[in-house]
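A quick write-up on the structure given underneath.
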Amino acid sequence: ADTATSSATTSATRAVPVKPVKPLRKAKKERTLKTITVDDRVAKYGKYGLYNHNGVLTCRPCGQRLDYTRDDVITTHITRDGHDRKCAAQISHGAQYVLAAGYEEREKLRQHKAAQAKERAEQRRNPSHNTQPWDKEREKKYRAQLTTENRAKREAFREGSDVTLPADSDQTTLPQKDPRTLSDDLVFVFLSNGRSLALMDELRPVFRVHSAVGGHMCGKSQAETYVRPTVIKQERTTALNLLRNDVDDGGGMGLIFDETTDCCDDHPVNIILTTQKRMCYVTTAFIDRKSPVNNITVANAIMNEWPALNLPREKVLLVLVDNAGYCALAFTAHLQAFFPNAKLRTCWGHTGNRFGAAMLEHPDMAELREYLKLMRSLVFFSRSLLWLASTA
């Protein structure tokens, strides 16, 4: 009985399955991926005309933004026909660029395609020519040809070397400038000469092809919204520095101010400062719409804007105003204590203009008014004829 019991116990013990112990997994090493930045791409592809434009990889000759995280996108762009053409045009004008490797093969392929296009055009002129239908089989061959051409471009780019074209010796080139700086210079030139900023839209294609700026020249809308305020601020700073230098040399200043109404029904007070060497517009003070326009509000607007100019009040020796009574009263009642060494003068040109307008309203000047009206109509009619002749 004991033997049977022990054998049953042994068999029961053997019947219990034993789970195998799994070996511990080895900890995988964390891979450290190198973060590619725009500057890394510029260091590698900058010789092809790519640069960092406010954190965006941009092609300067083409004016196109590129995805800096994908190397294939960059290589595809710099081997395109459009990039080769625009980059070669800028190289001929002195830009320090090179063309991507495989330029000779791409040029031969372009010439071959141009010859095929010319041949097809000549065939279309022939009335007996029958154009092949565009079926699936023809589309399949066309896509296979494109795949072969792109593969050949990539292989030529990897195995070949860069191509440097000679620049034209008779071209006078300027050093490359930041597009923002060049836009500021052009806006300043247009504003100084009274030209419309609409010319910026006409100049963009010229700069796109014949300059190192590419397509990054601003247009009319951007020039009016962003560039013009920046240029005015820069010129205001320059004018104030020149005025401070003149005052430090021992010269005095003259203050000219005039209140007017603009197209938005605001009431600005334009402030101009003069010295013996220059006359500069410095700032415009605005009167609150809820306040009336009188001598008090005009004087307060000038006194509120003066601390920002950082100019000595004691150096103002002359204050010039127009024929408006409240402007003269603003000085005599309020600004005379603010500018203790200044004297008030009235603009005789403004007074003479008002005097002539008042004389024309006299009853005895009826014949003169009719004569001036006739002359104005003749001048307007002659200008209209010239315009019609120029547009005919």
> Of all residues in the range 175-190, which are out of contact with any Asp or Glu (no Cβ under 8 Å at 6 or more places or on another chain) and either modelled with pLDDT of 75 or more or open to solvent by less than 30 Å² (accessible area, probe 1.4 Å) (or both)?
Replying inline: 179, 181, 182, 183, 184, 185, 186, 187, 189, 190
> Which residue pairs have Cβ atoms under 6 Å apart, sit 6 or more places apart or on different chains, and have a first residue in the range 253-276 that is farther than 17 Å from residue 327 by Cα and a second that is open to solvent by 40 Å² or more (accessible area, probe 1.4 Å) and among the basic types (Lys, Arg)?
Replying inline: 253/315
> Does residue 316 count as β-branched (Val, Ile, Thr), open to solvent by less than 70 Å² (accessible area, probe 1.4 Å), touching a residue at least 40 places away in the same chain (Cβ under 8 Å) and touching a helix residue (DSSP H, G or I) at 6+ places or on another chain (Cβ under 7 Å)?
Replying inline: no
>> Of everything in the range 66-76, what is crowded, with 20+ Cβ neighbours inside 10 Å and in a helix (DSSP H, G or I)? Give them in sequence order.
In response: 74
> When the residues of the range 77-88 are filtered to those that are over 22 Å from the mean Cα position of the chain (by Cα) and hydrophobic (A, V, I, L, M, F, W, C), which remaining residue is least open to solvent (accessible area, probe 1.4 Å)?
Replying inline: 78
>> Among the residues of the range 52-65, are any modelled with pLDDT of 85 or more, part of a strand (DSSP E or B) and of a type in the set (D, E, K, R)?
In response: yes
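Residue-by-condition table, conditions (1) surrounded by fewer than 14 Cβ atoms within 10 Å (Cβ to Cβ); (2) out of contact with any Phe, Trp or Tyr (no Cβ under 8 Å at 6 or more places or on another chain):
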residue	(1), (2)
243	no, yes
247	no, yes
255	no, no
260	yes, yes
269	no, no
279	yes, yes
290	yes, yes
> Can you name every residue in the range 2-51 that is modelled with pLDDT under 60 and of a type in the set (S, T, N, Q)?
Replying inline: 3, 5, 6, 7, 9, 10, 11, 13, 32
> For the range 116-161, what are the residues that are at pLDDT 75 or above, open to solvent by 100 Å² or more (accessible area, probe 1.4 Å) and among the hydroxyl-bearing types (Ser, Thr, Tyr)?
Replying inline: 142
>> Just to be sure before I move on: is residue 342 buried (at least 18 other Cβ atoms within 10 Å of the Cβ) and farther than 18 Å from residue 240 by Cα in the structure I sent?
In response: yes
>> Which pairs turn up if I take residues in the range 223-250 that are assigned to a helix (DSSP H, G or I) and look for partners that are among the small types (Gly, Ala, Ser) with beta carbon separation below 8 Å, at least 6 apart in sequence or on another chain?
In response: 223/183; 227/183
>> Which numbered condition in (1) open to solvent by less than 80 Å² (accessible area, probe 1.4 Å); (2) modelled with pLDDT of 70 or more is the only one that residue 214 fails?
In response: (2)
>> Report every pair of residues separated by at least 6 positions or lying on different chains whose Cβ atoms are under 6 Å apart, first residue within the range 44-71 and under 16 Å from residue 218 (Cα atoms), second loosely packed, with under 13 Cβ neighbours inside 10 Å.
In response: 58/65; 65/56
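The values are calculated or read from the model by the stated rules, or taken from the named source; none is laboratory data. Keep in mind that this is a model prediction, so the values were computed, not measured. Don't worry about glycine lacking a Cβ; one is built from the backbone with ideal geometry, like all the others, and counts go over all protein chains shown. The area values use the complete protein model at the heavy-atom level, side chains included, leaving out ligands, DNA and RNA. Shrake-Rupley method; radii C 1.70, N 1.55, O 1.52, S 1.80 Å.
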